[in-house]
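Written out below as structure tokens is the structure these notes cover.
The values are calculated or read from the model by the stated rules, or taken from the named source; none is laboratory data. Here the structure is a predicted model, which is why all the values come from computation and not from measurement. Neighbour counts are summed over all protein chains in view; Cβ atoms, including those assigned to glycine, are modelled from backbone coordinates with ideal geometry.
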Amino acid sequence: MKLLSGSYPTKKKKYNEKILQIGEGNFIRAFVDWMIDEMNTKELFQGSVVTLQPTPRGKVVPNLNAQNGRFTLFTRGIQDGKRVESSRVVDAISRGVNPYVDWESALKIAENEEIEFIFSNTTEAGIQYKQEDYDFEQPPLSFPGKLVHLLYRRFQHFNGHSEKGWVIIPCELVENNGDHLQKICLQIIDDWQLPFQFKEWVMNACNFCNTLVDRIVPGYPRENEEAFQQQLDYEDSLMTVAEPYHLFVIEGPQDLPEKLPFLQAGLNVKFEAVEPYRKLKVMLLNGPHTMLAIMGLLNSFQTVKEAMENKVIHRWILSTMENEIIPYLPKELKSEAHQYVESVIDRFSNPFIQHRLVDISLNSVAKWQARLLPSLEVFFEKEGKLPKGIVLSLAGLFQFYRVAQVGDQFMNEEKSYTIRDNFDDFQLFYSYWKTSQKERDIQATLQKFIGKPVSYLEELSSAIHEMLLLQNREGIMHTIEGVTKNENNRLS
């Protein structure tokens, strides 16, 4: 069987390099490179990607070069309620460069006049400030350090020309990632005492875009590698799996939609402010994910799919989103919300992705505060009452931490899941079960949990106390069913 390489037949053209990509992992290949390939297939962009290995330990670049930049993307999931299974060879990458082996070749990329864009995905840890010495002969370890080196080479090569700056589009899951990356780069420029003219060029000639990326990419199908390989008539060491859904929101210069014609290619890309879409994702994807993790594990489910196959939990999640969250979103989000919920339900029901609830449950206390507490507060502010579907998940949070400490982790006494959380957050809820377990103890816990005076504290404490009694008396599933039956979804 042939390797998926330059000798393997393909109808696709190879284009000149227009994009430098820092990062070569599964996500960026199944997200950005797939999008570039979509545009090239329709002859809208006509440019290729040169990718840079971000860390010394990477192993992807040699395999990419052996396969002439190509890899197979399997798309598997539910889209518009229908099962989707497809595969394609993505052929957007021209070559990979390992800067730790050939730093000069990496820097030479900055001299290419045709390259206008930098995309990156170096994980959240990649966009962090790290104090490093300036050495023009060696690559820095940090992503921002490498970026400053590359920008400085470009600045020098084009004599600081104002139209030779790059559009930098980070895909790391960091809030205001473009602003944050620019701030770090400017700090590094100061650390290295590089010319002020260069700093001005970075601030004025380069665009650091804030972005939001959303796609589940399980990556290389290691657990059933052989079954996937049998679907191909070539060997592919870089095949990867992704769900059909994708969303890319980019805050950038006005001419960016023309230069990157994602929209003309039919891709779900928004050239708009990121913050509204971040709220939509947090409130309608991340929030329900946290609800599912807590109540699913309490009911001994192992994965998102398994929990969503239960009709009671499915109705509760959908009812909470439609009745307690969507009506209270900012006006500019409501037009997108119902369609987004449909996509979320499709994604939660994906039969091909085994998204473990115990993984989602990591740091559940902080996640609940960030993802669900704002929805509870907006609902109460508008209605003067509490949203019972959301409150039920908070009562579940109390049950979830009814545990015994085991070493550095916490095993539930009755269920088979492991608690992974900040010790102080864990202790906050665990301490309730070591007290008299009266309503006043719930109120004391909630006061610390919410962290500020609120008018609904007494009412919330009473509601959770009633739900905990009901859960202990009649079972958690029966409690969920009872809460969902009443479409009013308000606690009086």
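When segment 337-362 is filtered for residues that are surrounded by 16 or more Cβ atoms within 10 Å (Cβ to Cβ) and farther than 23 Å from Phe228 by Cβ, the ones remaining, listed by number, are Ala337, Tyr340, Val341, Ser343, Val344, Ile345, Phe348, Leu357, Val358, Ile360, Ser361.
When segment 268-282 is filtered for residues that are in a loop (DSSP other than H, G, I, E, B) and surrounded by fewer than 17 Cβ atoms within 10 Å (Cβ to Cβ), the ones remaining, listed by number, are Asn268, Glu272, Ala273. Do we find that Glu459 is touching a strand residue (DSSP E or B) at 6+ places or on another chain (Cβ under 9 Å) and under 21 Å from Ile325 (Cα atoms) in this structure? It is true that Glu459 is touching a strand residue (DSSP E or B) at 6+ places or on another chain (Cβ under 9 Å) and under 21 Å from Ile325 (Cα atoms).
Scanning segment 187-216 for residues being crowded, with 16+ Cβ neighbours inside 10 Å, outside any loop (DSSP other than H, G, I, E, B) and among the aliphatic types (A, V, I, L, M) gives a total of 6. From Gly77, Gly69, Gly58, which residue is free of Cβ contacts under 8 Å to residues at least 60 places away in the same chain and at positive phi? On inspection, the qualifying residue turns out to be Gly69. The set of residues from segment 111-166 being of a type in the set (Ser, Thr, Tyr) and more than 20 Å from Gln193 (Cβ to Cβ) comprises Ser120, Thr122, Thr123, Ser162. For segment 58-91, a residue qualifies if it is closer than 30 Å to Ile345 by Cα and surrounded by 18 or more Cβ atoms within 10 Å (Cβ to Cβ), and the qualifying residues are Phe71, Thr72, Leu73, Phe74, Thr75, Arg76, Gly77, Ile78, Val89, Val90.
Filtered by the rule that a residue be acidic (Asp, Glu) and within 14 Å of Ser462 (Cβ to Cβ), segment 425-447 gives Glu439, Asp441.
Take the residues of segment 347-402 that are part of a helix (DSSP H, G or I) and among the hydroxyl-bearing types (Ser, Thr, Tyr): which is farthest from the chain's Cα centre (by Cα)? Applying the filter and picking the extreme gives Ser393. Quick check, is Met239 surrounded by fewer than 16 Cβ atoms within 10 Å (Cβ to Cβ), modelled with pLDDT of 95 or more, of a type in the set (A, V, I, L, M) and assigned by TED's automatic domain parsing to the domain that holds Leu20? No.
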